[in-house]
1. Among the residues of the stretch 1-46, what is the count of those that are at pLDDT below 95 and surrounded by 14 or more Cβ atoms within 10 Å (Cβ to Cβ)?
2. Is it true that some residue in the stretch 36-56 is within 18 Å of residue 88 (Cβ to Cβ) and of a type outside the set (Gly, Ala, Ser)?
3. Could you grab me the full set of residues in the stretch 215-230 that are of a type outside the set (A, V, I, L, M) and more than 19 Å from residue 189 (Cβ to Cβ)?
4. Look at the stretch 118-145 and say how many of its residues are of a type outside the set (Ser, Thr, Tyr), open to solvent by 30 Å² or more (accessible area, probe 1.4 Å) and assigned to a loop (DSSP other than H, G, I, E, B).
5. Can you tell me which of 103, 49 is within 18 Å of the chain's Cα centre (by Cα) and either surrounded by 13 or more Cβ atoms within 10 Å (Cβ to Cβ) or modelled with pLDDT of 95 or more (or both)?
6. Residue under question is residue 65, and the condition is that it be in contact with a strand residue (DSSP E or B) (Cβ under 7 Å, 6 or more places away or on another chain) and open to solvent by less than 50 Å² (accessible area, probe 1.4 Å); does it hold?
7. Anything in the stretch 186-197 that is under 27 Å from the mean Cα position of the chain (by Cα) and either farther than 23 Å from residue 86 by Cα or surrounded by 10 or more Cβ atoms within 10 Å (Cβ to Cβ) (or both)? List them, or say none.
8. Given the residues 155, 149, 212, which is the only one that is modelled with pLDDT of 95 or more and open to solvent by 80 Å² or more (accessible area, probe 1.4 Å)?
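The values are calculated or read from the model by the stated rules, or taken from the named source; none is laboratory data. Quick caveat, the model's predicted, so the values are computed rather than measured. As a convention, Cβ positions derive from the backbone with ideal geometry for all residues, glycine included, and neighbour counts pool all protein chains shown. With ligands, DNA and RNA removed, areas are computed over all heavy atoms of the protein, side chains included. Shrake-Rupley method; radii C 1.70, N 1.55, O 1.52, S 1.80 Å.
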Amino acid sequence: MAKLNGIHHLAICTADIKAQIEFFTDVLGMELVALYWMHGVEGAWHGFLKLNDQSSIAFVQTPVIADIPTEIGKTHAGSPGGASSPGTTQHIAFNVDTEAELLTMRDRIRSRSVDVFGHIDHGFCKSIYFAGPENLTLEVSTSEGAAIDAEAWIDPEVVALAGISAEELRRFKTPAGFTRPARPVAQPAFEPSRPHMTLPPKVYQALFGPSDEETFARMSETEPPVKVMA
């Protein structure tokens, strides 16, 4: 059965990709592994900073991003406990394996003149908190390799306040499996109540109208910008 097992990349808009790369490489010690013209998006740059070989933080810079206003409490939360608009990122938490590594990361960040709150113990993880460029709210956490105990950390009071029934809770804790059928599942009919990308109707139809085979053949771009000699 197919199952999501991690974050391949988390993409963040930026008006200054160089400043973000400087912060994430110097302050956090992450490696720059990709920086290229973003596929299919005119005028956009895409940069990837490595968490591990299969997971990255990605930044996207386009000419219009700098003209979009930042408003704390709307576009950005501004702090780990702050609010922002539905669907926006509240904060980003990175993982380290041990408490000793967490404290080392705290000291590394402070050595770059960035203030850090913590560490503190949340029970299932220990965390530090700090800010990144362009009002990013960041965290580093460790659970020392232990999984979260759902029986201890799913609060019945919050379940009730969220309007989750006992049957829904059972389904959320143990999602149904899925076996890929012999024939691909057809694109569903457009249903306004379901999530959709925000695109002009003609662009939406151009993206979602063709067959999967046509999309793969037309949209795929596999050549890297630099030819590497074998």
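1. The total comes to 0.
2. Keep residues of the stretch 36-56 that are within 18 Å of residue 88 (Cβ to Cβ), which gives none.
Within the stretch 36-56, none of the residues are within 18 Å of residue 88 (Cβ to Cβ) and of a type outside the set (Gly, Ala, Ser).
3. Going through the stretch 215-230, the residues of a type outside the set (A, V, I, L, M) turn out to be 215-216, 218, 220-225, 227.
216, 218, 220, 221, 222, 223, 224, 225, 227 - these are the residues of the stretch 215-230 that are of a type outside the set (A, V, I, L, M) and more than 19 Å from residue 189 (Cβ to Cβ).
4. The first filter runs over the stretch 118-145 and keeps only residues of a type outside the set (Ser, Thr, Tyr), leaving 118-126, 128, 130-136, 138-140, 144-145.
From the residues that got through so far, the ones that are open to solvent by 30 Å² or more (accessible area, probe 1.4 Å) too are 119-124, 126, 131, 133-135, 144-145.
Narrowing the set further to residues that are assigned to a loop (DSSP other than H, G, I, E, B) leaves 122-124, 144-145.
The qualifying residues number 5.
5. On the way: 103 fails: within 18 Å of the chain's Cα centre (by Cα).
It is 49.
6. Numbers: in contact with a strand residue (DSSP E or B) (Cβ under 7 Å, 6 or more places away or on another chain): yes; open to solvent by less than 50 Å² (accessible area, probe 1.4 Å): yes.
When the stated conditions are applied, residue 65 passes them.
7. As a first pass, look at the stretch 186-197 and keep what is under 27 Å from the mean Cα position of the chain (by Cα): 187-188, 190-197.
The answer is 187, 188, 190, 196.
8. Numbers: 155 fails: open to solvent by 80 Å² or more (accessible area, probe 1.4 Å); 212 fails: modelled with pLDDT of 95 or more.
Just one listed residue meets the conditions, 149.
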